[in-house]
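Presented below is the structure to which this report refers.
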Amino acid sequence: MKLSQEMKSALLDLAEKRNIYLEGNIIKVIDPDSDEEFAGYLTKAKEQDTDNRKKRLEITKQVQRQYKELLEEKEKNDTLMDELKEALGAAEEAKKTAQNDLDVLQKRTQFELIGKIVNVALWVIMGVGVTTTALYMFAMITKFDTTLIGNAWSNLFGILLTNSFSIIGTIMGVKYASNDSKEKT
């Protein structure tokens, strides 16, 4: 391909003033036509084109390496995220299990405490009842006046029965109140 003298001058002028040269395969098909200055321009343009291609190729390789590294890091990150999700699920299960175990332990402890309170209350009631009855019987056997002791015995049994039902009612109320509050949460 032959260029006019005007075109050659324009290309030489562009190279001199702005340091811009032709690039690509077009350089190979341009005939300098025994113009030494233009032949030098074409040689320099080929060298710069080769250098620019090498630079672009190196940049492309670098970008590809970085992209590959990013993909590998993304895979690692995805693997870590999956492991974290599994660990979180296991932790949630462990938390639920621990809460259930704690609830069972608390209920068992409360049940045992209630049982002990009821047993002690029954023993106290029985003890007071037996003691009062023994005193009343002693007073009847020894022929003392039993009017006062009889009234005291009757009142005492009424109070003991009332208190025993009050204790049992309070314990049951606390038990059901604690069950209702746990079910609401």
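We did not get these values from a lab; they are worked out from the coordinates using the rules stated. Given the structure is predicted, the values throughout are model-derived calculations rather than measurements. Glycine also receives a Cβ, built like all others from the backbone with ideal geometry; neighbour counts cover every protein chain displayed.
Arrange 59, 27 by Cβ neighbour counts within 10 Å, fewest through most, would you?
59, 27
Which of 141, 20 comes first, and how do the rest follow, when ranked by fewest Cβ neighbours within 10 Å?
141, 20
Among 87, 59, 153, whose Cα lies farthest out toward the positive end of the dipole of the chain, if unit charges sit on the beta carbon of Lys, Arg (+1) and Asp, Glu (-1)?
The Cα lying farthest towards the positive end belongs to 153.
Where does the chain land at 222 nm, in deg cm²/dmol rounded to the nearest 500, when only DSSP H runs of n ≥ 4 count, each adding -39500 (n - 2.57), divided by all residues?
Per the formula, -32500 deg cm²/dmol.
Once Cα extents along the principal axes in Å is worked out from the coordinates, which option in [x] 159, 25, 19; [y] 69, 39, 39; [z] 77, 43, 24 does it equal?
Here the calculated entry is [x].
Among 130, 9, 29, pick out the residue whose Cα is farthest towards the positive end of the charge dipole of the stretch 5-184, where Lys and Arg carry +1 and Asp and Glu carry -1 on C-beta, about the Cα centre.
It is 130.
Can you check what the net charge comes to around residue 7, using other residues whose Cβ is under 13 Å from the Cβ of residue 7 (Lys, Arg +1; Asp, Glu -1)?
-3
So how strong a dipole does the stretch 51-185 carry about its Cα centre when Lys and Arg Cβ are +1 and Asp and Glu Cβ are -1, to the nearest 20 debye?
My answer is approximately 400 debye.
According to a simple spin-label model (label point 7 Å from Cα along Cα-to-Cβ), what is the distance in nm between residue 58 and residue 122?
Reported label-point gap for residue 122 and residue 58 is 9.5 nm.
Relative contact order (percent) for the stretch 3-161, with alpha-carbon contacts under 8 angstrom and 6 or more residues of separation?
12 percent
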